[in-house]
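What follows is a set of notes on a single structure, which appears directly below.
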Amino acid sequence: MNYSPPKRIDEIRFGLLSPQEIRDMSVVRIITPDTYDEDGFPIDMGLMDPRLGVIDPGLRCKTCGGRAGECPGHFGHIELVAPVVHVGYVRLIRSLLRAICRECSRLLLTDEVRDHYLHKIKELKKIKRPIDDVVREVFFEARKNTICPHCGAEQREIKYEKPTSFYEGEERLMPTEIRSRFEKMIDEDILAVGMDPKRARPEWMILTVLPVPPVTVRPSITLESGQRSEDDLTHKLVDIIRISQRFQENKEAGAPQLIIEDLWELLQYHVTTYLDNEVAGVPPARHRSGRPLKTLSQRLKGKEGRFRGSLSGKRVNFSARTVISPDPNLSINEVGVPLDIATELTVPMHVTPFNIEECKEYVRRGSKHPGANYVVRPDGRRVKILDTNADEIVEMLEPGWIVERHLKDGDIVLFNRQPSLHRPSIMAHEVKVLPGKTFRLNLAVCPPYNADFDGDEMNLHALQTLEAQAEAWILMRVQENILSPRFGGPIIGGIHDHVTGLFLLTNGEKKFSKRDFVELLKKCDIEIKLPEPAGYEDEKPYWTGKQAFSMILPNDFSILYKNGLCQRCSECKKEKCENEAYVVIENGELKCGAIDKKGIGAFEGLILDRIVKEYSSSDAARFINNFTLLSIRSIMHFGFSFGLKDEDIDHTAKAQIAEVIREAEDRVARLIDAYKNGELEPAPGRTIEETLELRIMEELGKARDSAGKIAGKQMGMTNPAVIMARSGARGSMLNLTQIAACVGQQSVRGERIRRGYRDRTLPHFEQGDLGAEAHGFVKRGYKEGLSPIEYFFHAIGGREGLVDTAVRTSQSGYLQRRLINALQDLEVEYDGGVRETRGVVVQFLYGEDGVDPAKSDHASPEVIKSIVSDVVGKDLEKVV
Amino acid sequence: MSEYSVLDHEMVPKHEIMDESEVKSLLKKYKITLEELPKIKASDPVVVAIGAKIGDVLKITRKSPTGGIAFYYRLVIED
């Protein structure tokens, strides 16, 4: 085999095609606009000339003799009757026309000045830096001179009219004139405007010859009716040749100048739209059906263009996509794959003397699930396994063959949900083939994918080589991604019911009979060795919820932290905390405190964090599996539901809330009075009006908070909404306040609502009313219902929120795209420094501390603390 | 208005011109050439203030929120 070592690209140069170059690379000059004759054969010197390449299978290329697929295609050319402007370069043409003399075509700068710029450009090129700024300056300076320093000719103003016309004073500058001016330019002047006279002479920006792309670039398709349908580019080229011909005829017949100019304009239009069909000021060329044509620029530009759509990203085989749904019985490392998908996706299996019997069995089963779809013979031919030839293939099967067998349990696949914003958006899972039509996944892996089940779809990719499978298994498996590479904390963990369930189980002393206790734990992957009962009640032994949770902890696990219930009392009561906020786990036993989001939740779970870091990812995965199962059993044991009744508060509380709000309104009224009487003291750096607004907002905010407190106290820790909010499972106390007590101030741009009519928000108020009600304070709660005026203010505030999210997501998305494109090639070297591709140092020590955030503790290198406490002996007090 | 130096400003970290042997060991430590160092223009106010010339390497001692004190090195270039 011929092996050539990889080569290094030193340089890529861009330039313009000269007319000569276009003719040289052309294999045929195209002169007729027709494509095929009546018999369906391509016409010689037509747009489908057989020398331009082959697209029909079976034929051979007249130029290179290659078959369809082998022949890359060959360019032709069209000789334009009159030169036209290339739309892509109009701006440069404009700048250049203004910068050179109309008589002698010299740059409108003295030689000394020009040489000064030339030197600057040379220096910049030497250190490989962009020369754009210098070039811009050259154009700017040259334009200032109205008298040519070389021939003394007076310059006239050059006007540019979109899209492709130029005027000198009142006179139209035809492309021929522009071209002849550019032709006279000398090399030094061209260099000074940043162009390379060898590769891109300015007159080449005016087209006299048009390259015709090979047919392989614009294949025609045969419709079912046998009719041929040509590519958009071919249509456009036909137009160009037609006009060219008409132009020629008219010119020869000696038509009046006016007609000639019209035709010239038309030729310019067709060439322009051939290059770019979205030029501002040019009506896009349309297909017969009215659809705008997709011409050269449209093929490259944008998301579905050649770069972003075909080169940076393309479609792949061995992948599947379907809706996802939850399955709490799967491990976090698993993914449930529908049978239909498992029989379609395959993994290649190399036949060896050791697995030949297994392979044969797969082939024999064919399309029945653990079967195979294809075999690949040693000569590389693929044979489809059908019911009719299965036995035959089994006979022939021997080492060296490859069997493409179905996906089966335990296979490793990649699982992905868009948008793939961070590394854990693609993780490796083990296949579990299941009936049904959806992908199934454990709820604890929802947070890294940011998935829910309201119709989300996800993609799955079957890995095709053993190397890829091994790599994915080691690096990409879910359990290896529990810790976020962003801040070194767990991003996989309990959500919603997991948190609620464990909170119910561990908050306070929950008693379980032996039967119930075992029931809780029976699905967990642990050795059930019943601990000593926590006590006896009516002579019967009972166990507590805390003991149940202790069962799934590693035996020697210890931790101490304050959970989300902590009120931050000035003096901590430690173990005697009545909020159960002081969590102590010693040697795998939960001594006190309740488990909440801070213990096992995704993004902050401290217990989880410690288990991954101190034990192993496998232990952590098992712990997650166990607590999800335990928590679900627990929440089912207690029962958990939420309804309208849970938002009720009694009359006394209602009266209290009304009173609080009335008082607040009074205080607001007093503030307004004080303002009107000029007694209000302005806050530092604020006007009196601003101060008033601020004070009112503050008063009303306080009112809502105290209303919320009253409602919260009413409901207490038995209320499901409070349980969810306090444990961190879902919702917040603010949500609850807004439902049960008072929605509060609606705002636009952080201020009270002020717009609407003159000096008032709605006609229901007096002009100049500064009161709470008139500026969007909603004193009722959602349960009670809003008044029409409150409802309107609420809609104003709500709309602002919606617009904000819509704008923010698109803006931050684009910002992130730009950041990623700019930073993707940076590399951390073994010396700890960051380099870019040329080897230039970006940082001498990554992050200035050389710490891998994935291995730090929530972005701070505080691991040291826990290491010290471990070494010194479990001195837990000192850690906190 | 009195003259003041950019060097006195709180936000301007300490810039020093490195002598040749220091530069040599720096380049050796990171196995890089002079051209692979980050650049700073000779017209930069701080370069003017400390009187560094083109081709000099500056050692910058910065306060860092992550690393405490961080060092950075920049090559003075023509602007």
Residues of segment A:829-841 being within 18 Å of residue B:35 (Cα to Cα) and facing another protein chain (nearest Cβ under 7 Å), which ones?
A:833, A:839, A:840, A:841
Subset of segment B:44-79 [within 14 Å of another protein chain (Cβ to nearest Cβ) and either of a type in the set (S, T, N, Q) or on the phi > 0 side of the Ramachandran plot (or both)]
B:55, B:61, B:64, B:66, B:68
Can you pull out the residues in segment A:766-792 that are among the hydrophobic types (A, V, I, L, M, F, W, C) and open to solvent by 20 Å² or more (accessible area, probe 1.4 Å)?
A:770, A:786, A:789, A:792
On the basis of being assigned to a helix (DSSP H, G or I), within 14 Å of another protein chain (Cβ to nearest Cβ) and surrounded by 16 or more Cβ atoms within 10 Å (Cβ to Cβ), does residue A:847 make the cut?
yes
Does segment A:770-787 include one or more residues that are of a type outside the set (Ser, Thr, Tyr) and over 22 Å from residue A:705 (Cα atoms)?
no
So residue A:452 fits all but one of (1) part of a helix (DSSP H, G or I); (2) without any contact (Cβ under 8 Å) to a residue 12 or more places away in the chain; what number is the exception?
(1)
Test each condition in (1) open to solvent by 30 Å² or more (accessible area, probe 1.4 Å); (2) hydroxyl-bearing (Ser, Thr, Tyr); (3) more than 30 Å from residue A:443 (Cα to Cα) for residue A:319 and report the one that comes out false.
(3)
Can you find a residue that is of a type in the set (Val, Ile, Thr) and not assigned by TED's automatic domain parsing to the domain that holds residue A:138 anywhere in segment A:97-114?
no
Considering only residues of segment A:813-828 that are modelled with pLDDT of 90 or more and either open to solvent by less than 70 Å² (accessible area, probe 1.4 Å) or within 14 Å of chain B (Cβ to nearest Cβ) (or both), which is farthest from the chain's Cα centre (by Cα)?
A:828
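The rows are residues; the columns are (1) within 20 Å of residue A:234 (Cα to Cα); (2) acidic (Asp, Glu).
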| position | (1), (2) |
| --- | --- |
| A:72 | yes, no |
| A:76 | yes, no |
| A:82 | no, no |
| A:87 | yes, no |
| A:92 | no, no |
| A:95 | no, no |
| A:103 | no, yes |
| A:107 | no, no |
Every residue from segment A:577-626 that is among the acidic types (Asp, Glu) and more than 30 Å from the chain's Cα centre (by Cα):
A:578, A:580, A:586, A:589, A:596, A:614, A:619
Looking at the structure I just gave you, is residue A:141 of a type outside the set (A, V, I, L, M, F, W, C), in a helix (DSSP H, G or I), open to solvent by less than 70 Å² (accessible area, probe 1.4 Å) and within 14 Å of chain B (Cβ to nearest Cβ)?
no
Every residue in segment A:605-629 that is within 17 Å of residue A:506 (Cβ to Cβ) and in a loop (DSSP other than H, G, I, E, B), please.
A:605
Close pairs (8 angstrom Cβ cut-off, 6 or more residues apart or separate chains): farther than 12 Å from residue A:497 by Cβ in segment A:716-740, basic (Lys, Arg) anywhere
A:717/A:726; A:728/A:597; A:728/A:598; A:733/A:726; A:737/A:704; A:739/A:783; A:740/A:783
Condition broken by residue A:465, with the remaining ones in (1) on the phi > 0 side of the Ramachandran plot; (2) open to solvent by 50 Å² or more (accessible area, probe 1.4 Å) satisfied:
(1)
I'd like the full set of residues that are free of Cβ contacts under 8 Å to residues at least 60 places away in the same chain and either of a type in the set (Ser, Thr, Tyr) or crowded, with 16+ Cβ neighbours inside 10 Å (or both), limited to segment A:418-438.
A:420, A:425, A:426, A:427, A:428
Quick one: which residue in A:580, A:589 is closer than 26 Å to residue A:513 by Cβ, in contact with a Ser or Thr (Cβ under 6 Å, 6 or more places away or on another chain) and open to solvent by 30 Å² or more (accessible area, probe 1.4 Å)?
A:589
Within segment B:14-43, residues open to solvent by 40 Å² or more (accessible area, probe 1.4 Å), under 14 Å from the mean Cα position of the chain (by Cα), more than 11 Å from chain A (Cβ to nearest Cβ) and closer than 23 Å to residue B:64 by Cβ come out as B:14, B:16, B:17, B:22
So, in segment A:105-123, how many residues would count as being open to solvent by less than 40 Å² (accessible area, probe 1.4 Å) and either within 14 Å of chain B (Cβ to nearest Cβ) or in a loop (DSSP other than H, G, I, E, B) (or both)?
4
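On the basis of being in contact (Cβ under 8 Å) with a residue 12 or more places away in the chain, open to solvent by 30 Å² or more (accessible area, probe 1.4 Å), touching a helix residue (DSSP H, G or I) at 6+ places or on another chain (Cβ under 7 Å) and charged (D, E, K, R), does residue A:278 make the cut?
yes
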Single match in A:121, A:127 (criterion: under 25 Å from residue A:12 (Cβ atoms) and touching a strand residue (DSSP E or B) at 6+ places or on another chain (Cβ under 9 Å)):
A:127
Those residues of segment A:706-730 that are open to solvent by 70 Å² or more (accessible area, probe 1.4 Å) and touching a Leu at 6+ places or on another chain (Cβ under 9 Å) come to a total of 1
Residue pairs, Cβ under 9 Å, 6 or more apart or interchain, first in segment A:384-404 and among the small types (Gly, Ala, Ser), second at pLDDT below 90. List them.
A:390/A:366
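Of all residues in segment A:731-765, which are in a loop (DSSP other than H, G, I, E, B) and either open to solvent by 40 Å² or more (accessible area, probe 1.4 Å) or aromatic (Phe, Trp, Tyr) (or both)?
Once the filter is applied, which keeps residues that are in a loop (DSSP other than H, G, I, E, B) and either open to solvent by 40 Å² or more (accessible area, probe 1.4 Å) or aromatic (Phe, Trp, Tyr) (or both), segment A:731-765 yields A:731, A:732, A:749, A:750, A:754, A:755, A:756, A:758, A:759, A:763, A:764, A:765.
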For segment A:153-201, how many residues meet the condition of being among the hydroxyl-bearing types (Ser, Thr, Tyr) and open to solvent by 20 Å² or more (accessible area, probe 1.4 Å)?
4
Look through A:647, A:663, A:659, A:699 and report the one residue that is over 30 Å from residue A:448 (Cβ atoms) and free of Cβ contacts under 8 Å to residues at least 12 places away in the same chain.
A:659
In segment A:485-497, what residues are under 10 Å from residue A:447 (Cβ atoms) and open to solvent by less than 10 Å² (accessible area, probe 1.4 Å)?
A:490, A:491, A:492, A:493, A:494
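The values are calculated or read from the model by the stated rules, or taken from the named source; none is laboratory data. Quick caveat: nothing in here was measured; it's all calculated off a predicted structure. No Cβ is skipped: glycine too gets one built from the backbone with ideal geometry, and neighbour counts run over all protein chains shown. Remember, those area values only see protein heavy atoms, side chains included, never the ligands or the DNA or RNA. Shrake-Rupley method; radii C 1.70, N 1.55, O 1.52, S 1.80 Å.
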